1. When DSSP beta bridges are limited to those with both residues in the chain, what percentage is antiparallel, rounded to the nearest 5?
2. Starting from the Cα-Cα distance between residue 367 and residue 133, subtract it from 0.36 nm times their residue separation and give me the gain in nm to one decimal.
3. Just grab the label-to-label distance for residue 2 and residue 31, each label 7 Å out from Cα along the Cβ direction, in nm (one decimal).
4. Within the range 129-166, list the residues whose amide N lies under 20 Å from a label point set 7 Å along Cα→Cβ of residue 172.
5. Determine which residues of the range 411-435 fall in the zone a paramagnetic label at residue 303 would reach in this model, i.e. backbone nitrogen under 11 Å from the point 7 Å along Cα→Cβ.
6. How would you rank 93, 200, going from fewest to most other Cβ atoms within 10 Å of each one's own Cβ?
7. To one decimal place, what orientation-averaged projected area in nm² is obtained for the convex hull of the Cα set of the range 135-182?
8. Can you tell me the orientation of helix 281-293 relative to the chain, as the angle in degrees between its alpha-carbon axis and the longest Cα principal axis, to the nearest 10?
Ligand SMILES: NC(=O)c1ccc[n+]([C@@H]2O[C@H](COP(=O)([O-])OP(=O)(O)OC[C@H]3O[C@@H](n4cnc5c(N)ncnc54)[C@H](O)[C@@H]3O)[C@@H](O)[C@H]2O)c1
């Protein structure tokens with residue numbers, strides 16, 4: 001099939017590349033000319049494991065093209081995917097300005113047989129709105145479908161090529177069949193291809209993310225309670241997870257959820273609920289709990305040092321909102337950096353992939369270490385924000401030699417409290433009893 005993907009970000013680039021890899025002729029379009037130029041040179045503007053090889057292979061095979069020329073790319077396409085950003089507006093609703101601008105720009109060039117498909121996460125009713133807008137602009141009833149994306153950054157290729165399910169929202173069976181045929185190579189293990197209305201499909205994406213965010217905020221709230229009840233969240237997690245009605249997935253306490261999806265999607269669903277007169281009580285609590293959780297690491301640092309942070313050398317491991325990505329949008333590390341900089345702490349940070357994105361925000365206000373161990377030299381405290389594999393089994397003896405104080409504040413519960421105690425570290429994790437080394441303290 002001939003496919004155009006408008007918006008070549010985390011979702012658009014993965015979508016376009018994976019469809020090219022299954023034999024389609026794909027053109028990825030972006031208004032960011034610099035991004036397109038880099039892609040044409042074979043440079044991948046984001047970090048996503050496996051993506052570079054796949055882009056290179058399909059571009060070389062002539063199946064994958066990049067352009068800023070929307071008109072030419074769309075004119076021939078049988079399917080046009082819309083994959084532009086839908087960030088939060090000031091009131092929490094989804095800002096669809098990029099999407100509408102794309103709809104206006106593709107309208108005059110759409111092939112009469114083309115199907116326009118929303119891959120972006122869009123509020124319920126957006127497909128219907130696109131149908132109306134295309135009717136106004138083209139004078140004909142265009143076919144519009146919803147096909148939300150469930151990939152996870154850091155595992156995006158695998159998620160796209162082996163999806164748990166594919167959801168499409170369509171108004172006619174033939175559009176459903178066209179999309180079923182496009183996805184057939186990815187569903188050979190009989191995972192379901194679910195066909196529903198565009199409204200249910202649009203809703204499905206928000207509900208999926210909102211429920212996952214709810215699990216995270218729930219476990220974070222009870223983790224904070226565990227700390228004050230002399231309980232250990234990891235024991236409690238094991239205690240509940242074996243119940244088949246509960247399970248273990250997405251019940252790890254941490255520094256709060258971030259990224260470009262959960263925070264904005266929870267708020268957008270709440271905004272839709274308010275518009276329809278349904279009070280979003282749970283969604284509001286999930287969001288507020290998360291905002292508070294993103295402050296927990298900063299609070300633990302401040303508390304440990306009795307509020308005296310000015311000039312204090314502090315190391316941070318992990319900046320991306322989760323491992324295996326360079327994405328720092330809404331990342332808990334950003335909240336931590338803001339708070340520590342406001343208190344005049346001296347920060348040295350390390351992340352395997354996300355440092356350029358943080359450097360673009362903070363420049364030389366913080367220091368960027370060449371490796372995790374280098375970040376620790378002279379530090380009075382290490383704060384772990386992202387659970388990169390590299391941080392799971394460090395050389396604790398080397399850490400102890402490099403750090404001024406052996407203090408770890410762990411936002412991802414990577415280490416065993418008993419082990420930390422035996423090694424003489426002060427270890428403050430989430431939802432666990434503090435391990436306080438007798439010789440170091442909050443001076
Ligand atoms: N990132 C994820 O993990 C993920 C997962 C599932 C769904 N989504 C959804 O997918 C959508 C895209 O997310 P993303 O993370 O890929 O965003 P992104 O910011 O990485 O990419 C969006 C791209 O669209 C381009 N763009 C903006 N306006 C344009 C226009 N008029 N014409 C052409 N290109 C234009 C931007 O330059 C950018 O490259 C969002 O709605 C998001 O909620 C994201």
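Bear in mind these aren't lab numbers, they're just calculated from the coordinates by the rules spelled out. This one's a predicted model, so the numbers in the text were calculated from it and none came from an experiment. Here Cβ is always computed from backbone atoms with ideal geometry, including for glycine, and neighbour counts include all displayed protein chains.
1. On the way: 3 of 45 bridges.
Looking only at bridges with both residues in the chain, the antiparallel portion is about 5 percent.
2. 79.3 nm
3. Spacing of the two 7 Å Cα→Cβ label points: 2.5 nm.
4. 129-147
5. Backbone N within reach: 428-434.
6. Ordered from fewest to most neighbouring Cβ atoms within 10 Å, 93, 200 come out as 200, 93.
7. Computing the convex hull of the Cα atoms and averaging its projections yields 4.5 nm².
8. Rounded to the nearest ten degrees, it is 50.
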